[in-house]
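Visitor: This is the structure I have questions about; it appears just below.
The values are calculated or read from the model by the stated rules, or taken from the named source; none is laboratory data. Source: prediction; values computed, not measured. We place every Cβ from the backbone using ideal geometry, glycine too, and count neighbours over all the protein chains shown.
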Amino acid sequence: MSTTTGTLTSPRGGRRAVDLVVRVLVYVSALIAIAPLVWILVSIVAEGLPAILSASWWTQDLAGTTDRRAGGGALHAIIGTLEIGLVTAVVAVPVAVMGAIFLIEYARGTRWARLVSFTVDILSGIPSIVAALFVYTLLITLLGLGRSAVAASLALVLLMLPTVLRSTEEMLKLVPDSLREAAYALGLPKWKTVVQVVIPTAFSGIATGVILGLARVMGETAPLLILVAYARNLYLSPTTSNMGTLPTMINSGRNVAETLPGYSRVWGAALTLILLVMGLNLLARGVARAGRLKDR
Amino acid sequence: MAKRIEVEDLDVYYGSFQAVAGVSLVVEPRTVTAFIGPSGCGKSTVLRTLNRMHEVIPGAYAKGRVSLDGVDLYGPGVDPVAVRRLVGMVFQRPNPFPSMSIYDNVAAGLKLNGTRNKQELDETVERSLRGANLWNEVKDRLNRAGTSLSGGQQQRLCIARAIAVRPDVILMDEPCSALDPISTLAIEDLIGELKEQYTVVIVTHNMQQASRVSDRTAFFNLEAQGLPGRLIEINDTETIFSNPSLKATEDYITGRFG
């Protein structure tokens, strides 16, 4: 009896001290991890807000303005980032989703699947500059084509492909085999089972992965620096050699003096890019939540 | 509609492992046949060979003959997809399609195989849900998700989905093992009605269930772990449960082993 009550009393001083030290350490570590992020966010919002609040920010490009002259906006860069992102997604998503379907639905457990999986793992580890130089070598050095927005998109495809393929694979794995069997038992051929039962069941998860993959490549800078020239004017054609994008807009203004209007545009571009990526993340959450509700 | 199943000298393998050896049996149309036996004796495997569902598992194959009204299901040129349209299946756990409504779950077999006629679909859905004793419970919420139903309702939804494609035979692999007693009773009543139109084969671990719902009972057993399962005895359910011809059957039924 006495030993039992002994363990129930509060811990001795030593143990309490250890508890306190560890607790403080954990809190401080969390603070250290969060502090730089908050700092970055606060300074970008503080410095960038005035720029993006002007009406011309969203409706005009920088044609006819200089870093010394106020006015103009980031329309060229916003459109450029969205367009390059869209072209990237149009190429990467079908390949990634169909690749994942191949790996999970058709080649699961085979040597082929392991080989492709291994390749995808390697691909997901390559730095963006290597992807950019690979496309540069292929399209520009070997094939003699010029730099273009499409070339930048192709480099981004190499970066987006493995993330979307992996996330789609995970989502397809989550679809229980019992659903596939149920479909087979109704006399559905395999491809219809995949298209009509497996994909719809995993759809919200696949869509979430696609959006997150897109958000990730939209902030990539190296391929844009190498494969497409920055332009201050709005260009719409994907084959144009000059196109403004938000990351390269930030880069182009990095040497502007603090007192000039061009300086606040750099912060504005950074804030716009963050808002864009955040918007995509929120969209992904919304899609994921919509999918969950349907399950109930 | 209902058809006669004949199994002759069936062996089933999973890769190099032989799961079932030398099974021969006949299932008459418009009857309920129960497969009983201890776990691992191959009764589910035999059930799955009746609509070639075992082929879904990589490396699985069958030898011997399974015929439906004399047509060999394993004959050259026979499409397993076509076989499964004739021989439907209900699984151990209710598995409605989560991305589909109640209506679409029942209509899935027809819709996904190309039927677009709205009237035909409506009629099939109602007929099938009535056939599965679920119509009155769900007729006002056909657009709700199939997964919003209770477990027992989901299983009846799966039965409705199976009969919607008008199969000749319905296979049931322990259809009540994940259900409470009241839902189980509903399914058992339903099986009694289904046999008026279909040939039903049911795998069950529940002896009372086998004696309640089936006309014929097949007892499977295996001599030891790692050896293939065999059909020990098949007879009228009444005979199997009151006067089995083999000691092993009697021991299993009376609960002395297994």
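Visitor: Somewhere in the range A:248-270, is a residue in contact with a Pro (Cβ under 6 Å, 6 or more places away or on another chain), without any contact (Cβ under 8 Å) to a residue 24 or more places away in the chain and in a helix (DSSP H, G or I)?
Guide: No.
Visitor: For the structure I just gave you, tell me whether residue A:47 is closer than 30 Å to residue A:267 by Cα, charged (D, E, K, R) and in the same structural domain as residue A:215 (by TED's automatic domain parsing). Let's see the steps before the verdict.
Guide: Numbers: closer than 30 Å to residue A:267 by Cα: yes; charged (D, E, K, R): yes; in the same structural domain as residue A:215 (by TED's automatic domain parsing): no.
So residue A:47 fails the test.
Visitor: One residue is enough: does the range B:28-42 have a residue meeting the conditions at the interface with chain A (Cβ under 9 Å from one of its Cβ atoms), buried (at least 16 other Cβ atoms within 10 Å of the Cβ) and at negative phi?
Guide: In the first step, residues of the range B:28-42 are kept if they are at the interface with chain A (Cβ under 9 Å from one of its Cβ atoms); the result is none.
Checked against the condition, which is being at the interface with chain A (Cβ under 9 Å from one of its Cβ atoms), buried (at least 16 other Cβ atoms within 10 Å of the Cβ) and at negative phi, the range B:28-42 yields no hits at all.
Visitor: Filtering the range B:188-207 down to residues that are within 13 Å of the chain's Cα centre (by Cα) and assigned to a loop (DSSP other than H, G, I, E, B), which residue is surrounded by the fewest Cβ atoms within 10 Å (Cβ to Cβ)?
Guide: Only one residue tops the list, namely B:195.
Visitor: For the range A:10-47, how many residues are under 16 Å from residue A:275 (Cα atoms), free of Cβ contacts under 8 Å to residues at least 12 places away in the same chain and not small (Gly, Ala, Ser)?
Guide: Qualifying residue count for the region: 4.
Visitor: So residue B:159 passes all but one of these: (1) touching a Gly at 6+ places or on another chain (Cβ under 6 Å); (2) in a helix (DSSP H, G or I); (3) within 14 Å of another protein chain (Cβ to nearest Cβ). Which condition number does it fail?
Guide: (1)
Visitor: Which condition number in (1) in a helix (DSSP H, G or I); (2) within 12 Å of another protein chain (Cβ to nearest Cβ) is the one that residue B:152 fails?
Guide: Checking residue B:152 against (1) in a helix (DSSP H, G or I); (2) within 12 Å of another protein chain (Cβ to nearest Cβ), the one that fails is (2).
Visitor: Among the residues of the range A:108-131, how many are touching a residue at least 12 places away in the same chain (Cβ under 8 Å) and either farther than 22 Å from residue A:226 by Cα or touching an Asp or Glu at 6+ places or on another chain (Cβ under 8 Å) (or both)?
Guide: Pass one, the range A:108-131, residues touching a residue at least 12 places away in the same chain (Cβ under 8 Å): A:116-117, A:120-121, A:123-124, A:126-129, A:131.
Retained after the next criterion (residues that are either farther than 22 Å from residue A:226 by Cα or touching an Asp or Glu at 6+ places or on another chain (Cβ under 8 Å) (or both)): A:116-117, A:120-121, A:128.
Going through the range A:108-131 one residue at a time, the tally reaches 5.
Visitor: Looking at B:156, B:166, can you tell me which residue is surrounded by fewer than 22 Cβ atoms within 10 Å (Cβ to Cβ), closer than 30 Å to residue B:99 by Cβ and not aromatic (Phe, Trp, Tyr)? Break it down stepwise before answering.
Guide: Details: B:156 fails: surrounded by fewer than 22 Cβ atoms within 10 Å (Cβ to Cβ).
Criteria check complete, one pass: B:166.
Visitor: Enumerate the pairs (first residue in the range B:24-47 and under 22 Å from residue B:224 (Cβ atoms); second residue anywhere and assigned to a loop (DSSP other than H, G, I, E, B)) with beta-carbon separation below 6 Å, excluding pairs fewer than 6 apart on the same chain, so at least 6 apart or on different chains.
Guide: Pairs found: B:38/B:258; B:43/B:37.
Visitor: Within the range B:75-122, which residues are assigned to a helix (DSSP H, G or I), surrounded by fewer than 18 Cβ atoms within 10 Å (Cβ to Cβ) and more than 9 Å from chain A (Cβ to nearest Cβ)?
Guide: Scanning the range B:75-122 gives B:118, B:119, B:120, B:122.
Visitor: Is it the case that residue A:241 is among the polar types (S, T, N, Q) and within 30 Å of residue B:161 (Cα to Cα)? Steps first, please.
Guide: Working: among the polar types (S, T, N, Q): yes; within 30 Å of residue B:161 (Cα to Cα): no.
No: the conditions fail for residue A:241.
Visitor: Another question, then. Are any of the residues in the range A:86-102 touching a residue at least 40 places away in the same chain (Cβ under 8 Å), closer than 18 Å to residue A:157 by Cβ and either of a type in the set (Asp, Glu) or outside the structural domain of residue A:277 (by TED's automatic domain parsing) (or both)?
Guide: no
Visitor: Could you grab me the full set of residues in the range B:137-148 that are aliphatic (A, V, I, L, M), out of contact with any Phe, Trp or Tyr (no Cβ under 8 Å at 6 or more places or on another chain) and either away from chain A (no Cβ under 11 Å) or buried (at least 23 other Cβ atoms within 10 Å of the Cβ) (or both)? Outline the logic, then answer.
Guide: Pass one, the range B:137-148, residues aliphatic (A, V, I, L, M): B:138, B:142, B:145.
Among the residues that remain, those that are also out of contact with any Phe, Trp or Tyr (no Cβ under 8 Å at 6 or more places or on another chain) are: B:138, B:145.
Selection gives B:138 alone.
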